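Everything on this sheet refers to the single structure shown next.
The values are calculated or read from the model by the stated rules, or taken from the named source; none is laboratory data. The model shown is predicted, which means the values in this text are computed figures rather than measured ones. Virtual Cβ from ideal backbone geometry, glycine too; neighbours counted across all protein chains shown.
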Ligand SMILES: [Zn+2]
């Protein structure tokens, strides 16, 4: 009897055996008068089936609300970012945030941008050569 039970557990690893065990257990428990366990299990199973759908639906809904597609104000690179978070432009790595559905720079206004200008300096030595 004990060995048979162990075989049954080993069967659980294969898909079909698993379902057969569940059906067998349901019939067995129902006949013994523990139908409520079966009901509880079916509710749990139903919940397990519905939960991922609800989670996926919830995540999609959340993403639609929180994902913002826009252009980087610095390099005009178009990408998607999250609302209420600070992130960097994947193209120019400028720190950005979403303000009223558009990307704007994190650097506070009033910050003066200093652009580095390449100055070609020719040394006197090179000129003379
Ligand atoms: Zn950028």
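Summary table below
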{"item": "Residue check for residue 81: modelled with pLDDT under 90 and within 16 Å of the ligand (Cβ to nearest atom)", "result": "yes"}
{"item": "Selected residue (only one of 54, 96 is surrounded by 10 or more Cβ atoms within 10 Å (Cβ to Cβ), on the phi < 0 side of the Ramachandran plot and more than 16 Å from the ligand (Cβ to nearest atom))", "result": "54"}
{"item": "Pair list, Cβ < 6 Å and 6+ apart or interchain, from the range 38-49 residues that are closer than 14 Å to residue 27 by Cα to residues that are at pLDDT below 85", "result": "38/26; 38/29; 38/30"}
{"item": "Any hit, the range 98-115, residues being assigned to a loop (DSSP other than H, G, I, E, B), at pLDDT 90 or above and either outside the structural domain of residue 26 (by TED's automatic domain parsing) or within 22 Å of the chain's Cα centre (by Cα) (or both)", "result": "no"}
{"item": "Residue within the range 35-49 that is under 30 Å from residue 101 (Cβ atoms) and more than 16 Å from the ligand (Cβ to nearest atom) present", "result": "no"}
